[in-house]
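Undergrad: To start, I am sharing the structure in question, which I have written as structure tokens.
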Amino acid sequence: LLKPPGKARQYSPPQDLIQCIQGLVLQTYGEAGPGEWAELPLGRGQERYHLLKATAEKLGRAVPNSQLHCMVKVRDVVEFYSAPYKREGSRFEDLSDVRDLLPPNLKIRWGYEGGR
């Protein structure tokens, strides 16, 4: 069992972020008055799914499952994608760093040496 390689992941918002999201909103929800598109509720159906999927594909970053409940209006999507993101390392390294805080039934062994 080998330690997975760490990956540097980063996201920088594009210059035309507002126009990009506004275009996707208009494609998904149809016409909205000027200034009203950002206040549209995402809803809970297919429109919400299609908007978030299209935005993730276009910008190369998906909203994590842990933050999906925060996406109520289009402005929440704009705020999420407006923030730059940089992550060094991997989730496995994060768990390795806090091994003393892990529950006793969870162990991470990077250098496993044993039989079958």
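Undergrad: Any chance you could count how many residues in segment 66-114 are over 29 Å from residue 14 (Cα atoms) and modelled with pLDDT of 80 or more?
TA: Final tally of qualifying residues: 1.
Undergrad: Between a residue in segment 57-86 that is farther than 16 Å from residue 21 by Cα and any residue that is among the charged types (D, E, K, R) and assigned to a loop (DSSP other than H, G, I, E, B), which pairs come within a Cβ distance under 9 Å, given they are 6 or more apart or on different chains?
TA: 85/61
Undergrad: Filtering segment 13-45 down to residues that are of a type in the set (Asp, Glu) and closer than 14 Å to residue 75 by Cα, which residue is modelled with the lowest pLDDT?
TA: My answer is 36.
Undergrad: Could you run through segment 33-60 and say how many residues are touching a helix residue (DSSP H, G or I) at 6+ places or on another chain (Cβ under 8 Å) and open to solvent by less than 40 Å² (accessible area, probe 1.4 Å)?
TA: Residues meeting the conditions: 8.
The values are calculated or read from the model by the stated rules, or taken from the named source; none is laboratory data. Since the model is a prediction, treat every value here as computed from it, not as a measurement. With ideal geometry, Cβ positions are generated from the backbone for all residues, glycine too; neighbour counts draw on all protein chains shown. Please note that ligands, DNA and RNA were not included when accessible areas were found on the heavy atoms of the full protein model with its side chains. Shrake-Rupley method; radii C 1.70, N 1.55, O 1.52, S 1.80 Å.
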